[in-house]
Amino acid sequence: CGGSLVAPNKVLTAAHCEITTYASAGEGTIAYVNFHDRTGVAHDATQALATTENVGVASVVNHPQYDSNTVNYDFAILTLPSDSQYTPVVLDFDDANVAESGENLRVMGFGTTTQYQSGSTPSPNPTSAKLLEVTVPGMAYATCVNTYGGLVRDTMLCAGASGLDACQGDSGGPLIRVSDSKQVGVVSYGYGCAWPNNPGVYARVTAVKSWMCE
């Protein structure tokens, strides 16, 4: 899963990545900060690029209202053992600035670039070795609700178009408003990848201002 540095020692990601499950099982979780190219870096590697901070995660907390069945409140916070040298992204907590229909938003991650199909080879499709990004159009909330019905809650927002979307492996990554570079969402779920009339669904950061600011 991806994530974003939102404070000197805090990383925001998606609760459905189940990092708390691995942590409770005693498995170490590593956070890579300023990580753009994982060519030759194993999944559990202890070394990365010279410009990348590679640190063990001190603690993981899911949003207290996270529901694994509905994926509502799909947020998790990773606490690092020390402050990062890199500048955190700015979160947009202003409800007046919720992404609107057609607004340019940028999503990024190391996920797959094609939708996995049963029986395809390799299985599943490989994730990207380099950090990729794509600009996706925001979608009006009412339109998104019409698309997904009751699955979409007011803690979520939608973005994407045919051929433009996040995909498997991008979960937890940031959705950034292009105009001001502020983070407005976290990659959560969707039907397929970049399918027509099936936008990506993102956890909306304005919904958790009080929790994030605790």
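Data for the structure
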quantity	calculated
Residue within segment 188-202 that is assigned to a loop (DSSP other than H, G, I, E, B), modelled with pLDDT of 90 or more and of a type in the set (Val, Ile, Thr) present	no
Selected residue [assigned to a helix (DSSP H, G or I) and modelled with pLDDT under 90] from Thr121, Thr206, Thr147	Thr147
Cβ-Cβ under 7 Å pairs, at least 6 apart or on other chains, segment 134-151 side over 14 Å from Gly190 (Cβ atoms), far side surrounded by 14 or more Cβ atoms within 10 Å (Cβ to Cβ) and basic (Lys, Arg)	Thr135/Arg106
Selection from segment 150-183 of residues that are over 13 Å from Val201 (Cβ atoms) and outside any loop (DSSP other than H, G, I, E, B)	Ala161, Leu164, Pro174, Ile176, Arg177, Gln183
Of the criteria (1) surrounded by 14 or more Cβ atoms within 10 Å (Cβ to Cβ); (2) touching an Asp or Glu at 6+ places or on another chain (Cβ under 8 Å); (3) of a type in the set (A, V, I, L, M, F, W, C); (4) modelled with pLDDT under 90, which one Ala15 fails	(4)
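Table: residues versus (1) at pLDDT 85 or above; (2) buried (at least 16 other Cβ atoms within 10 Å of the Cβ); (3) not in a loop (DSSP other than H, G, I, E, B).
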residue: Ala48; (1), (2), (3): no, yes, no
residue: Tyr86; (1), (2), (3): yes, no, no
residue: Ala96; (1), (2), (3): no, no, yes
residue: Glu100; (1), (2), (3): no, no, no
residue: Val107; (1), (2), (3): yes, yes, yes
residue: Thr112; (1), (2), (3): yes, yes, no
residue: Gly138; (1), (2), (3): yes, yes, yes
residue: Thr143; (1), (2), (3): yes, no, yes
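The values are calculated or read from the model by the stated rules, or taken from the named source; none is laboratory data. Since we're looking at a predicted model, the values are computed, not measured. Virtual Cβ from ideal backbone geometry, glycine too; neighbours counted across all protein chains shown.
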